[in-house]
Amino acid sequence: MLARALPSIFTVGNLFLGVVAMILAVEGEWKYGAIMVIIGMFLDGLDGRVARMLNTQSEFGKELDSLSDMISFGVAPALIMYTSILHELGILGWIIAAVFPICGALRLARFNVHPGIPGYFIGLPITAAGGVLATMALYSGKTAGPTVLVLGMLLLSYLMVSQIKYPNFKKIGIPRSAYWIAPLFIIALGWLAARFPEEFPKLVFIPLALYAAYGLKRSVSRRRRANQDEPVED
């Protein structure tokens, strides 16, 4: 019974952290909200792996995962971004904040209908996009204005609904023994986040941003090569 419920427990944990992130954002503690999103990312990475390991995949788990991702990586990061900087833009800030979760919902709906091709996601996964956005908000004090962050948020929204291919690391094999140390790993992450609340999220931002940029760069390079290979008409 516990084995069948374990993946859903991870998923609900991810959802809980997403709700906590939104509460922290509303209370003005959006920096800690970003940490909740990051920890939620690791729980999200575990639920599917554990379900496959225990052979407990189900349509219920799939739908619960999508709904949880929408909250934790769609709505929560957008609210973090709004409370950190977009609130300065008035109604325009409302619209920009709404665009991200809307694109995230479209991305999840498309994935549920068309999962993509083996080994790849079509469009930037909402988990990665939400992680980038939540941690990107931490750089709001280091930019001259909101323009750079707003453009970054709109770019992430576009990447989610685009046709750009991104590598899928979720199905990479991991030894069964590694799953039992996952709770310890998550506790260690929580300790690091509490011990270094400013530096920890910024460190996570780097690989996530590189992952988002990788797919975009690869797509641009592929189109450039395709244009060069097109025959010239006489």
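Couple of notes before you dig in:
- Filter result for residue 93 (touching a His at 6+ places or on another chain (Cβ under 7 Å) and surrounded by fewer than 24 Cβ atoms within 10 Å (Cβ to Cβ)): yes
- Every pair of residues 6+ apart whose Cβ atoms lie under 6 Å, when the first sits in region 3-31 and is more than 15 Å from residue 67 (Cβ to Cβ) while the second is open to solvent by less than 30 Å² (accessible area, probe 1.4 Å) and of a type in the set (Val, Ile, Thr): 4/56; 6/50; 21/37; 25/80; 30/80
- Between 51, 76, the distinction of being in contact with a Gly (Cβ under 8 Å, 6 or more places away or on another chain) and more than 23 Å from residue 169 (Cα to Cα) belongs to 76 only.
- When region 103-120 is limited to residues that are in a helix (DSSP H, G or I) and loosely packed, with under 15 Cβ neighbours inside 10 Å, the one that is farthest from the chain's Cα centre (by Cα) turns out to be 113.
- Residue selection: residue 75 satisfies the criterion of being closer than 19 Å to residue 13 by Cα and of a type outside the set (Gly, Ala, Ser).
- Looking at region 129-216, the helices (runs of 4 or more DSSP H) lying wholly inside it that each contain 2 or more residues that are touching a helix residue (DSSP H, G or I) at 6+ places or on another chain (Cβ under 9 Å) and at pLDDT 80 or above sit at 147-161.
- Sole residue being more than 27 Å from residue 188 (Cβ to Cβ) and open to solvent by less than 40 Å² (accessible area, probe 1.4 Å), chosen from 78, 34, 21: 78
- Checked against the criteria, residue 128 does not count as within 12 Å of residue 81 (Cα to Cα) and either open to solvent by less than 20 Å² (accessible area, probe 1.4 Å) or touching an Asp or Glu at 6+ places or on another chain (Cβ under 8 Å) (or both).
- Count - residues of region 59-75 that are surrounded by 24 or more Cβ atoms within 10 Å (Cβ to Cβ) and among the small types (Gly, Ala, Ser): 3
- Applying the criterion of at least 3 residues that are among the aromatic types (Phe, Trp, Tyr) to the helices (runs of 4 or more DSSP H) found wholly in region 1-70 leaves 30-54.
- Pairing each residue of region 76-94 that is farther than 21 Å from residue 32 by Cα with any residue that is open to solvent by less than 30 Å² (accessible area, probe 1.4 Å), provided the two are 6+ apart or on different chains, yields C-beta distances under 6 Å for 93/86.
The values are calculated or read from the model by the stated rules, or taken from the named source; none is laboratory data. Here the structure is a predicted model, which means the values were calculated and not measured. Positions of Cβ are backbone-derived with ideal geometry, glycine not excepted, and every protein chain shown enters the neighbour counts. With ligands, DNA and RNA removed, areas are computed over all heavy atoms of the protein, side chains included. Shrake-Rupley method; radii C 1.70, N 1.55, O 1.52, S 1.80 Å.
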